[in-house]
Amino acid sequence: MAATLLAAEEGEFNPLLPHTYELVVGIFAFLVVFFVVGRMLVPRIQKTLAERTDAIEGGIKRAEEAQAEAQALQRRYSEQLEEARRDAARLREEAREQAAQIKAELREEAQAEARRLVEAAHAQIEADRQAAFAQLRTEIGRLSTELAGRIVGESLEDEARQSRIVDRFLDELESSNAQAVR
């Protein structure tokens, strides 16, 4: 400033140094702008920055909460999946047990049916054998009586007599067979 005053007194004009009134007006304008910016614009800028900070921090917090919730859901899903697997394994095991039980029951029923059929077949065979034996006995008796009648030369038509002779003959035959088998 001393140089400015010195140059002004000498009457020289320096283009780099402003005039005093310009300097006063510039400082006053600067203070007005500084006051307006400081009082009006800075609070708005700070408010906008605070809102952005809150939005960013809130977004981060919401993201962390969403991530925690997703992890909880994943844990729940995993637990449910594991429980479903255990249930499926239990159901498979129960099905195997039931299949084995049904198989055993069917086997027992089949064996019982087979035994019943064998017993029925044996009974039928025995009944057929008895019937054949009775029919054979009757036929042998008739043939024996007829043969004896031809040998003796007289008729053995009397049924009671014929029956006695046949029975005696068959009894002798059975006893001789029993002795031969021993």
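State whether one or more residues within region 129-149 are of a type in the set (Asp, Glu), open to solvent by 100 Å² or more (accessible area, probe 1.4 Å) and not in a loop (DSSP other than H, G, I, E, B). Can you show your working first?
In the first step, residues of region 129-149 are kept if they are of a type in the set (Asp, Glu); the result is 139, 146.
Retained after the next criterion (residues that are open to solvent by 100 Å² or more (accessible area, probe 1.4 Å)): none.
No: region 129-149 contains no residue that is of a type in the set (Asp, Glu), open to solvent by 100 Å² or more (accessible area, probe 1.4 Å) and not in a loop (DSSP other than H, G, I, E, B).
Quick check on ALA63: is it within 30 Å of LEU173 (Cα to Cα) and part of a helix (DSSP H, G or I)? Reasoning before the result, please.
Working: within 30 Å of LEU173 (Cα to Cα): no; part of a helix (DSSP H, G or I): yes.
Here the answer is no, as ALA63 does not meet what is asked.
Please pick out the residue among LEU156, LEU106, LEU173 that is surrounded by 10 or more Cβ atoms within 10 Å (Cβ to Cβ) and at pLDDT 80 or above. Please lay out each step first, then the result.
Values: LEU156 fails: at pLDDT 80 or above; LEU173 fails: at pLDDT 80 or above.
Selected residue: LEU106, the only one of LEU156, LEU106, LEU173 that is surrounded by 10 or more Cβ atoms within 10 Å (Cβ to Cβ) and at pLDDT 80 or above.
If you scan region 47-94, which residues turn out to be within 30 Å of VAL37 (Cα to Cα) and open to solvent by 90 Å² or more (accessible area, probe 1.4 Å)?
Our first condition is that a residue be within 30 Å of VAL37 (Cα to Cα); within region 47-94, this holds for 47-58.
Scanning region 47-94 gives LYS47, LEU49, GLU51, ARG52, ASP54, ILE56, GLU57.
The values are calculated or read from the model by the stated rules, or taken from the named source; none is laboratory data. This structure is a prediction, so every number in the text was calculated from the model and none was measured. Cβ coordinates were reconstructed from backbone atoms using ideal geometry, including for glycine residues, and neighbour counts include every protein chain displayed. Areas reflect the complete protein model, heavy atoms only, side chains present, ligands, DNA and RNA absent. Shrake-Rupley method; radii C 1.70, N 1.55, O 1.52, S 1.80 Å.
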